[in-house]
Amino acid sequence: MDNLWKLDFFDNSTERSRQIIVFSGASDYACFSESGKGESWPHPLLGFRESAKVLELLGENSQEMVIGTFGDVDVYTIHLDTDSRKKLEDQGFEFRPVRNYLREREEDPERLPYELVSRGLHIATWLTATKFCPSCGAPLERSTKECALVCSWCGEAVYPRINPAVIMAITRGNKILLAKNAQSVTNFHSILAGFVEAGESLEQAVAREVREEVGIEIKNIRYIESQPWAFSRSLMLGFTAEYESGEIHPEPGEIAEAAWYDFDNLPITPGPPSLAWRLINYVKACR
């Protein structure tokens, strides 16, 4: 994780600089300023004047929440509806895909860290989708002490939803198991992944997902690392494992095709900063 940002919750009474990241759509776009250099991607973190301009334009619709600090600046996130987004676009602000920024950010470490942009997207979409208490149905209000919403009636605290998911690089000698999603219209292949079910361990989830999606049994399941992934509000937990037995039978409706690929002849696979990319490169280096 980059050491330029911190997950801090600060005293709102202090005088500090404030900047914001603005998101729009279900989970796809961030608002960028016009301060980019040439054709390169600018920071999604708006400048001081731009942040003030956004808050002024949005007025009461600016439902911002602090997500951390970047250097000596407090960083907020805002999620826009269609009308609010149009107001900003009419003033010259541009919206671009967050996924593209995350990929290109790897080429320029001085840009805003992936983790902070991912956290901003996660919190922004959560705020938009979470309006009422799950216990009594009363409206929720922002907590002044932590990243949470508090019920205005019963006082229950509601925290950002995080969906745990496992992702695994399965090897068989000098080959790796790669699959193509049934919904994909490209020739893109990746390692298997899936959400953790209630009541199962992470290792059980890894074995179950592999069994369900391709019909084989695995062994030597080992945890490697994790990554927050805001597009599905997930915490991705990365594993490696080895083939044990069985023949590949792709799950209908989920997997279009799956096969063992030699590390020296891989199809199109995920790139940085995805955990899939890191796991593929990890097992490749461990051959």
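In the complete set of protein chains, residue-level accessible area for residue 287 is approximately 130 Å², probe 1.4 angstrom. Each of 74, 81 has its accessible area taken with a 1.4 Å probe; listed largest first, they run 81, 74. With the simple spin-label model, which puts each label point 7 Å out from Cα in the Cβ direction, the residue 142 to residue 55 separation comes to 0.9 nm.
In order along region 246-260, the phi-based Karplus estimate (6.51 cos²θ - 1.76 cosθ + 1.60, θ = phi - 60°) of 3J(HN,Hα) comes to x, 10, 6, 9, x, 6, x, x, 10, 10, 6, 7, 8, 6, 8 Hz; Gly and Pro are listed as x. Only Lys, Arg, Asp and Glu carry charge here, each on its Cβ (+1 for the first two, -1 for the last two); on that basis region 154-253 has a dipole of about 300 debye about its Cα centre.
Rounded to the nearest whole Hz, the Karplus-based 3J(HN,Hα) values (6.51 cos²θ - 1.76 cosθ + 1.60, θ = phi - 60°) of region 145-152 follow the sequence 10, 7, 7, 7, 10, 10, 5, 6, with x at glycine and proline. The mean accessible area for residues of region 131-287, using a 1.4 Å probe and ignoring ligands and nucleic acids, is 53 Å² per residue.
Here the accessible area is traced with a 1.4 Å probe on the protein chains. For region 143-249, carbon and sulfur cover 50 percent of it.
Counting 0.36 nm for each residue step from residue 247 to residue 286 and taking away their Cα separation leaves a gain of 11.6 nm. Distances between placed amide hydrogens fall under 5 Å for residue 255 paired with 182, all partners being 5 or more residues away or on another chain.
A simple spin-label model places the labels of residue 131 and residue 183 2.5 nm from each other, with each point 7 Å out along Cα-to-Cβ.
Measuring only protein heavy atoms, the 1.4 Å probe finds residue 283 accessible over about 20 Å². Across region 108-229, Cα-Cα distances exceeding 21 Å account for 59% of all pairs.
The values are calculated or read from the model by the stated rules, or taken from the named source; none is laboratory data. Treat the numbers as computed from the prediction; the structure is a model and nothing was measured. No Cβ is skipped: glycine too gets one built from the backbone with ideal geometry, and neighbour counts run over all protein chains shown. Surface accessibility is based on the protein's heavy atoms, side chains included, excluding ligands, DNA and RNA. Shrake-Rupley method; radii C 1.70, N 1.55, O 1.52, S 1.80 Å.
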